[in-house]
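The values are calculated or read from the model by the stated rules, or taken from the named source; none is laboratory data. This one's a predicted model, so the numbers in the text were calculated from it and none came from an experiment. Positions of Cβ are generated from backbone atoms using ideal geometry, with glycine treated the same way; all protein chains shown enter the neighbour counts. Side chains are part of the model used for accessible areas, which takes the heavy atoms of the whole protein and leaves out ligands, DNA and RNA. Shrake-Rupley method; radii C 1.70, N 1.55, O 1.52, S 1.80 Å.
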Amino acid sequence: MAKRIHYMDALNVLSCFAVVVLHCTLHVFGASRDSYWKAALVLQGIFIFAVPIFFMLSGSHLIDYRLKYSTITFFKRRLKKVGVGLLLASGLCYITYSAFPNSFYAADNFATNFGLRDFVLRFSTNTINDTYWFLYAIVYLYMLTPLISLAKERKKLLEGYLVISFIIAFVLPTLVYLQVMDSTVFTSLFNWPFFMSTSTFYYVAGYYFSRWPIRKTSQVILISLVGLMALITMGFLGYRLNISAETYDSFMISVDSVFCAIYSVSIFVVFQTFEDKLGALSDKFLRSLSVIASVTFFIYLFHVPFINWLGINLHSEWLIGLFYKYPLTKAVFVFVVVGGIALVWNGVKLRVSTLFKTH
């Protein structure tokens, strides 16, 4: 059995919690610019690494799949986990929203057109639970993986890709956004889809840094400082661009931001240096970390429906005020409740599976 890589478990859990935080601070998109909006903006910036790290973890696990199994097996495994998970979760959300449209925030339009045709349309356009966009994006990465895997040992080639992709996917769009470069010029000269994909950049970067990790303390410290500066700059620009705006502009604090890319990569690199320290922790803690990491996919799939349910069914003024003023408490609550449901579900599946094996 392959050795468990503890920093990846830690990043998995942290990134899953970060996703929950992002969806518990959506009042950042509202019109208010009070102190609670500012707190939400700060949390959006701090936790925006969530999806980039998920992409990086996927790349670190999957790009060298040829060492473990065939391409056919690779696609079967991905289809079984992600494809089936996406379909079942979408179906469950669709049926639940349609059956109880008044029990979930923004679900009132599901019951009107309930049916297979409507489900297929919504599923194919990601309008059942739009936070599943990550899964739609990662299917594209799975299709690219057999090609990318051919370059898994070609360090210089991967470095060349990462540099070009960083410029095309992050730097130039930022220059366009800041009106330093004309958008028509960018589209005409640099419309290179493979290099313009921010998700592919993160995916390849995750494999690259897991295959050739940075070990020198001085380099890690430098990367940490650069990442911190990127976070501060991202937050500052996000604040300046939005504090007087009528509608929230998420460009700077998003997975497509050049500052988010630098910040996310720095987090991945820094966490790699924690591997020895994590490995020295108690077996009980590491087992608990592994168990929580095993249910993060479930939490990702179902935390938003739970948040939407709370939006309609939470009647305690005290809790509503607490969750609005201190969204981290709401994120912890959602993470623990949905994670608890996931653990119970896994326990039930294990018992049923054991029962069938016994008979």
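Miscellaneous remarks
- Selection from segment 244-261 of residues that are open to solvent by 20 Å² or more (accessible area, probe 1.4 Å) and not in a loop (DSSP other than H, G, I, E, B): F259
- Residue in segment 155-177 that is touching a residue at least 12 places away in the same chain (Cβ under 8 Å) and either basic (K, R) or closer than 18 Å to R77 by Cβ (or both) present: yes
- Hey, F114 aromatic (F, W, Y) and over 23 Å from the mean Cα position of the chain (by Cα) or not: yes
- Pairs, first among the charged types (D, E, K, R) in segment 264-279, second part of a loop (DSSP other than H, G, I, E, B) and open to solvent by 30 Å² or more (accessible area, probe 1.4 Å), C-beta under 8 Å, six or more apart: E275/I5
- Members of segment 256-289 found to be under 26 Å from S35 (Cα atoms) and hydroxyl-bearing (S, T, Y), listed by number: S257, Y263
- So L222, is it part of a helix (DSSP H, G or I), among the aliphatic types (A, V, I, L, M) and either under 18 Å from A18 (Cα atoms) or open to solvent by less than 30 Å² (accessible area, probe 1.4 Å) (or both): no
- Boolean, F356 is of a type in the set (A, V, I, L, M, F, W, C) and touching a Phe, Trp or Tyr at 6+ places or on another chain (Cβ under 6 Å): no
- Here Q179 meets each of (1) open to solvent by 70 Å² or more (accessible area, probe 1.4 Å); (2) modelled with pLDDT of 95 or more with one exception, condition (2).
- Within segment 323-359, the residues that satisfy the criterion of being of a type in the set (K, R) and under 23 Å from V20 (Cα atoms) are K325, K330.
- Any hit, segment 143-161, residues being open to solvent by 60 Å² or more (accessible area, probe 1.4 Å) and β-branched (V, I, T): no
So that you can scan it fast, the table gives a plain yes or no per residue for (1) among the aliphatic types (A, V, I, L, M); (2) closer than 14 Å to K38 by Cβ:
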{"site": "V220", "(1), (2)": "yes, no"}
{"site": "L231", "(1), (2)": "yes, no"}
{"site": "G235", "(1), (2)": "no, yes"}
{"site": "A245", "(1), (2)": "yes, yes"}
{"site": "Y248", "(1), (2)": "no, yes"}
{"site": "S254", "(1), (2)": "no, no"}
